[in-house]
Amino acid sequence: MTPSSSAPALAAPAPRELARSGARVLVLEQGSAAPLAGTIKQMATMALPGRGAWLHRDASLLVSGTTLGGSSALNFATAAAPPAAMFAAHGIDLAPSLAALRAELPLAPLPDSLVGPMAARIMDAAQAAGIGWRKLDKMIRPQACRSGCWRCVYGCPFGAKWSARDFVDEACFHGAVLRDRSRVQRVLMEDGRAAGVAFTRDGTLHTARAPLVVLAGGGIGSPRLLHASGLGPRLASFFSDPVVAVMGSVDDVDGGAEVPMAAGASFLKEGIALADLTLPGPMYAAFALQAGRVDRLKAHRRTLSIMVKIRDDIGGAVGPRWVDKRLTPGDRARLDKGIGMARSILQQAGAHHVFATHHFAAHPGGSVRIGQGVDGELRAAPGLYVCDASVIPQPWGLPPTLTLLCLGKRLGLMLSSGVVSR
Ligand SMILES: Cc1cc2nc3c(=O)[nH]c(=O)nc-3n(C[C@H](O)[C@H](O)[C@H](O)COP(=O)(O)OP(=O)(O)OC[C@H]3O[C@@H](n4cnc5c(N)ncnc54)[C@H](O)[C@@H]3O)c2cc1C
C-alpha cells in the first residue's frame, strides 16, 4: 500500500501512524523543509502575502504558514482541549486520541521563569480587575526554552516549541518519504475512488499513485484541492477567528522579548478570548503603523499588548486564487466587546496611549465541514480523506492545534488498523 499525504501539518499523526504500521507513505509539502532559523527573513518566505498570507478586500490579513509543519511552525504554541460535544454530535470521540497525545506532547503552562514581564503585568492587572486570567497550556519544552527570547514567533530554532515537523520527522524515521517544494495540483480519481495525486516539483508535473490519499492543505488549501479535483465547490465559506491587538504603554517595564499568549481568559458563551500578545519589534512596528500610530513606533519595549480573538460567523469565500472574508455585524460587536475588556485591563495596568489595531486572522477553517464536505470518518470520497482545520464543523474561536492533532491521530489509527474502508 502507498498512502500519499499532502502537506500533513497538523494531520501529521496520520502519516506517522501509517508509517509506524509499515505502510509506504509519501508526504508532499509545497513549502520548504529547511530547518527553522527563527529569523524574520525566513518567516517572510513562509507567511507574507503570496507566500501563505492573503489580503482581504477590507485590507485585513489572513496569515498562515507555507512551510513544512504549516502554521504550527510559527504559531504561538497555545493548546486548548477539543470541544468534545461539537465532535460527538458527528459520532466522533476524540477522548482516546487526546489521552494518547497528552502522554507524549509537551503540554503545560510555562513555569513562572519563562512568563515574560509583560505577560505577568497583564495577568496581574486582569486578575485585579476580577477576570479569571490564568496561565495557558503551551506546547513548549521548558527545558529548551529561554527567557528574553521572541524567536518562537518566527519559528523556534532551539527545539523548544513543538511543531508538526516533529511528527513528520518520526514518520520519516519509520520509512515515510518527504518531498518538500512539491505542490499538489489535484487528486487523481479512477472509477470514483482516489488513485493518487498529481503534483509539481521544480516546474515538472509528477504523479504519485496511491490507493489512499489524505489531504491536509489547511482551511484554504484543502477546499481548493477538492475543487481542482472535481470534488468540491468553486467557492467555500469559512471561519478565521479574527484578532485585534489592543496596545498601551507603561513607564516601568522594559520588555518586548517573550513567549506570546502565556496567559489569558476565555469567554466561551460570548465567543471572545483574550491573552497577552507581546510580539517582536518589527511586528509591533507593523501593527503600530497599520493603526496609524507613528507616535508609538519607538515604544515597543514599554508597550503591553492584549490579543482579542473572536469566534466569527462562517462566511466569505475561499476561491481558486483568492480569499475574502469581512466581519459581520455580530463579529464587529464581539470584537468591540473584547476591545472594551482589553482596554479596561490596560487601564488597570496603568497604561497610556492605548490603541487598537485593524483586525487580522490566523485560523482559517470550516471550509470542508464534517457532515457536508466530509463524513464523520473525514472521508470526501472512497480512498480520499481530509484532515485539517477545514473539517471543523462549526464556528470556532479556540486554539485549534490540539483538536487537529486528535483528528489526525484518530484517522491515522483508523486507517492503519483498517477500521475504516480505504
Ligand atoms: C501566527 C500564528 C499563531 C498561531 N497561534 C496558535 C496557537 O497558539 N495555538 C493554536 O492552536 N493555533 C495557533 N495558530 C493556528 C494554527 O497553527 C493553525 O490553525 C493550524 O496550524 C492549522 O493547521 P492545518 O493543518 O489546518 O493547516 P496549516 O497549518 O495551514 O498547514 C497546511 C499545509 O498545507 C500546505 N499546502 C497547502 N496546499 C498545498 C498543496 N496544494 N500542495 C502541497 N502543500 C500544500 C501548506 O503549505 C501548509 O504547510 C496560529 C497561527 C498563526 C499563523
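The values are calculated or read from the model by the stated rules, or taken from the named source; none is laboratory data. Bear in mind the structure is a predicted one, so any value in this text is a computation, not a measurement. Cβ: placed from backbone, ideal geometry, glycine included. Neighbour counts: every protein chain shown. These accessible areas exclude ligands, DNA and RNA; they are computed on the full protein's heavy atoms, side chains included. Shrake-Rupley method; radii C 1.70, N 1.55, O 1.52, S 1.80 Å.
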Task: Charge-dipole axis of the chain as Lys and Arg at +1 and Asp and Glu at -1 on Cβ define it, positive-most pick from 262, 15, 55 - done: 55
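From largest accessible area down, sort 213, 354; use a 1.4 Å probe on the protein chains. Before the final figure, lay out each step's value.
Working: 213 0, 354 40 Å².
Descending accessible area places them as 354, 213.
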Task: Residue order for 377, 258 - accessible surface, 1.4 angstrom probe, largest first - done: 377, 258
Open item on the list: Test of understanding: what is the full-extension gain from residue 295 to residue 198, defined as 0.36 nm times their sequence separation minus their Cα-Cα distance?
Closed with: 29.8 nm
Open item on the list: Once ligands and nucleic acids are excluded and a 1.4 Å probe is used, how much of residue 174 is accessible, expressed in Å² to the nearest 10?
Closed with: 80
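Pop the C-beta distance of residue 58 and residue 108 into the FRET formula with R0 = 30 Å and round what comes out to the nearest 0.05. Working shown, then result.
Numbers: r = 38 Å, r/R0 = 1.27.
Once rounded, the FRET efficiency stands at 0.20.
Residues with beta-carbon under 13 Å from that of residue 151, excluding residue 151: net charge, scoring Lys, Arg +1 and Asp, Glu -1? Please list the in-between numbers first.
Details: positive: 41, 146, 161; negative: 258.
Net of charged neighbours comes to +2.
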Open item on the list: Please list 415, 55 from largest to smallest accessible area, probe radius 1.4 Å, with all protein chains kept in place.
Closed with: 55, 415
Task: Gained length - residue 24 relative to residue 147, 0.36 nm times residue gap less alpha-carbon distance - done: 40.1 nm
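Solvent-accessible area per residue for the chain at a 1.4 Å probe radius, Å²?
Values: 16340 Å² over 422 residues.
Dividing the accessible area of the chain by its residue count gives 39 Å².
Sorted by mean Cβ packing within 10 Å, highest first, what order do the peptides 304-313, 72-81 take?
Numbers: 304-313: 25.8, 72-81: 23.2.
Averaged packing, sorted descending, gives the order 304-313, 72-81.
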Task: Neighbour net charge for residue 219 - beta-carbon separation under 12 angstrom, K R +1, D E -1 - done: +1
Task: Antiparallel bridges, percent of DSSP beta bridges restricted to the chain (to nearest 5) - done: 75
- [ ] Could you pull out every one of the aspartates and glutamates with an alpha carbon less than 14 Å from that of residue 325, ignoring same-chain neighbours closer than 8 positions?
- [x] 58, 241, 312, 313
TODO: Among the listed pairs 161/269; 41/269; 161/309; 41/138, give every one whose C-alpha distance is greater than 32 Å.
DONE: 41/269
Task: Local electrostatic count at residue 355 - Lys and Arg +1, Asp and Glu -1, tallied over other residues with Cβ under 13 Å - done: +2
Task: Fraction of accessible area attributable to carbon and sulfur, the range 123-179 (%, probe 1.4 Å) - done: 50
- [ ] Could you go through the range 191-200 in sequence order and give the Karplus-derived ³J(HN,Hα) for each residue, using 6.51 cos²θ - 1.76 cosθ + 1.60 with θ = phi - 60°, rounded to whole Hz, and x for Gly and Pro?
- [x] 6, x, 9, 5, 10, x, 9, 9, 9, 10
Open item on the list: Explain nothing, just compute: Karplus ³J(HN,Hα) = 6.51 cos²θ - 1.76 cosθ + 1.60, θ = phi - 60°, for every residue of the range 242-253 in order, whole Hz, x for Gly and Pro.
Closed with: x, 10, 10, 9, 10, 10, x, 9, 10, 9, 10, 10
- [ ] Would you tell me the accessible area of residue 227, worked out with a 1.4 angstrom probe on the heavy atoms of the protein chains, in Å² to the nearest 10?
- [x] 70
Task: Computed E for residue 353/residue 81 - FRET, C-beta separation, R0 41 angstrom, nearest 0.05 - done: 0.65
